[in-house]
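As structure tokens, the structure follows; a few thoughts come after it.
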Amino acid sequence: VCLKYGIGVLPYSPLAGGFLTGKYRRNQALPSGVRVDGNKQRMSKQNFDLVEKLIEIAQRHDSTPTRVALAWLLAQPFVSAPIIGANNTGQLADSMGATALGLSEEEIGEISDVAIWEKSRTDREA
């Protein structure tokens, strides 16, 4: 719909409250921090698959999952600009690095194949 009518999207919380940064890992203890409770709802097989794909692609580029996630968003034709929320200058610099990360069409497709979010929230198994 947005593409059809030329409407840009400004994704809010594009890193899913820090979940897509790679600090939450399947079968590992949860990190301490203010967003752990808010991210428990995101602990699904599909979402951990996405995090693992972001990490895999980040390693190919000697980069970070944060940059890969944001670069993927920026590659979407309907996204004008993601609204990031950095808690410190390091997080801000990491996020800004997404603008210089060139993902291939193949990598964008790899992420897209995994990033199709479920409409229902029934997939709770990690």
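Things worth noting here:
- Neighbour-count order for Ile83, Ile108, fewest beta carbons within 10 angstrom listed first: Ile83, Ile108
- Rh by Kirkwood over Cα pairs, then Stokes-Einstein D for the range 2-114 at 0.692 mPa s and 37 °C, µm²/s: 225 µm²/s
- Likely footprinting exposure, Phe48, Phe19, fewest C-beta neighbours within 10 Å first: Phe48, Phe19
- Mean separation of Cα contacts under 8 Å, 6 or more apart, over the residue count of the range 2-114: relative contact order %: 35 percent
- Nearest-0.05 FRET efficiency for Ile83 and Val1, computed from C-beta distance (R0 25 Å): 0.80
- Least to most buried among Met43, Met96 (fewest other Cβ within 10 Å first): Met96, Met43
- Given +1 at the Cβ of Lys and Arg, -1 at the Cβ of Asp and Glu and no other charges, the dipole of the range 2-114 around its Cα centre is 460 debye to the nearest 20.
Bear in mind that the values in this text are calculations on the coordinates, not laboratory data. Since this is a predicted model, take the numbers as computed values, not measurements. Cβ atoms come from the backbone with ideal geometry, glycine included; neighbour counts cover every protein chain shown.
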